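The structure appears right after this line, and notes come after that.
The values are calculated or read from the model by the stated rules, or taken from the named source; none is laboratory data. Keep in mind that what you see is a predicted model, and the values were worked out from it rather than measured. Virtual Cβ from ideal backbone geometry, glycine too; neighbours counted across all protein chains shown.
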């Protein structure tokens with residue numbers, strides 16, 4: 001497996017130097033990729049989990065493209081309905097060019113009704129909008145001039161060039177059946193978060209394969225995001241999310257994810273709420289422990 005680092009681009013202590021520090025750490029530490037999160041309107045229910053200041057993912061990745069040379073840079077995940085697809089296609093292609101072909105576009109639909117309301121978007125139609133927008137985005141990366149007529153967007157003879165250096169791989173977030181179908185239709189990888197390792201192996205990935213078979217399409221890669229919440233004592237329960245527990249439990253989780261066919265694993269050190277948000281130095285120290293004591297047994301290359 002290949003490991004990546006989740007760059008925390010929000011909350012107290014987040015500033016340009018901290019963002020650059022995350023990217024330097026990932027590149028110098030031998031990780032394969034680094035990704036950032038997305039919200040546009042930090043409403044109160046968003047702030048309960050992801051408080052301001054919140055740095056825009058695309059602006060941040062464009063800036064980090066000039067401060068890195070090797071690692072891939074991506075979104076985990078860009079909320080597709082929040083931006084016009086022609087804008088997303090152009091910005092993503094620009095960042096791919098700035099980085100020399102290193103962009104990963106992670107995509108999803110997100111959950112805050114209040115954020116959709118603030119942006120004047122219909123929450124109930126978010127899945128359909130996402131599918132239509134992804135069709136526009138992926139086509140715009142391949143065609144110099146594009147026309148499209150759909151339910152949610154319509155235009156004629158539009159150019160969003162320059163085209164990307166490579167067609168950015170699309171990683172589709174979400175664990176629902178609809179998200180798996182979306183990953184099969186548009187994605188090169190399925191990028192879920194928050195489930196048990198056993199669920200991924202026994203239900204999630206088999207469901208992904210079934211969706212691919214039903215659509216007559218290749219099975220996307222399995223590239224989960226794992227929130228790392230280390231504890232001194234084992235965490236009991238069948239509903240323990242992958243990444244929660246002791247180092248031994250994390251090792252076993254990675255074993256199970258490998259059994260499920262995980263190609264890439266994004267390590268997320270954010271504990272989920274602002275009151276538990278650690279200083280960056282503590283997060284990096286945690287990743288150091290993982291790089292020394294857990295990851296080498298599972299990595300494609302040593303994490304040094």
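Points worth noting:
- The lone exception for residue 155 - which of (1) in contact (Cβ under 8 Å) with a residue 40 or more places away in the chain; (2) under 19 Å from residue 108 (Cα atoms); (3) touching a strand residue (DSSP E or B) at 6+ places or on another chain (Cβ under 7 Å) it fails: (2)
- The residues listed here are 157, 151, 144; of these, the one that is loosely packed, with under 14 Cβ neighbours inside 10 Å, within 21 Å of residue 178 (Cα to Cα) and over 21 Å from the mean Cα position of the chain (by Cα) is 151.
- Flag for residue 167 being in a helix (DSSP H, G or I), more than 23 Å from residue 245 (Cα to Cα) and without any contact (Cβ under 8 Å) to a residue 60 or more places away in the chain: no
- Criterion: within 16 Å of residue 268 (Cβ to Cβ) and surrounded by fewer than 18 Cβ atoms within 10 Å (Cβ to Cβ) - qualifying residue of 87, 49, 39: 49
- Positions within segment 1-18 being more than 29 Å from residue 120 (Cβ to Cβ) and surrounded by fewer than 21 Cβ atoms within 10 Å (Cβ to Cβ), in sequence order: 1, 2, 12, 13, 15, 16, 17, 18
- Qualifying residue in segment 84-94 (condition: over 26 Å from residue 2 (Cβ atoms) and in contact with a strand residue (DSSP E or B) (Cβ under 7 Å, 6 or more places away or on another chain)): yes
- Checking segment 227-244 against the condition returns a match, with at least one residue being under 25 Å from residue 181 (Cα atoms), in contact with a strand residue (DSSP E or B) (Cβ under 9 Å, 6 or more places away or on another chain), modelled with pLDDT of 95 or more and not in a loop (DSSP other than H, G, I, E, B).
- Taking segment 170-203 as the range and being in a helix (DSSP H, G or I), out of contact with any helix residue (DSSP H, G or I) (no Cβ under 7 Å at 6 or more places or on another chain) and buried (at least 21 other Cβ atoms within 10 Å of the Cβ) as the test, only 179 passes.
- Candidates 194, 173, 161: the one that is in contact (Cβ under 8 Å) with a residue 24 or more places away in the chain and more than 26 Å from residue 208 (Cβ to Cβ) is 161.
- Here the condition is being over 18 Å from the mean Cα position of the chain (by Cα) and either within 20 Å of residue 73 (Cα to Cα) or at pLDDT below 95 (or both); of 262, 285, 291, 258, it holds for 291 alone.
- Test for residue 248: is it without any contact (Cβ under 8 Å) to a residue 40 or more places away in the chain, farther than 26 Å from residue 34 by Cβ, more than 22 Å from the chain's Cα centre (by Cα) and in a helix (DSSP H, G or I): yes
- Hey, residue 226 crowded, with 18+ Cβ neighbours inside 10 Å, farther than 15 Å from residue 260 by Cα and in contact with a helix residue (DSSP H, G or I) (Cβ under 8 Å, 6 or more places away or on another chain) or not: no
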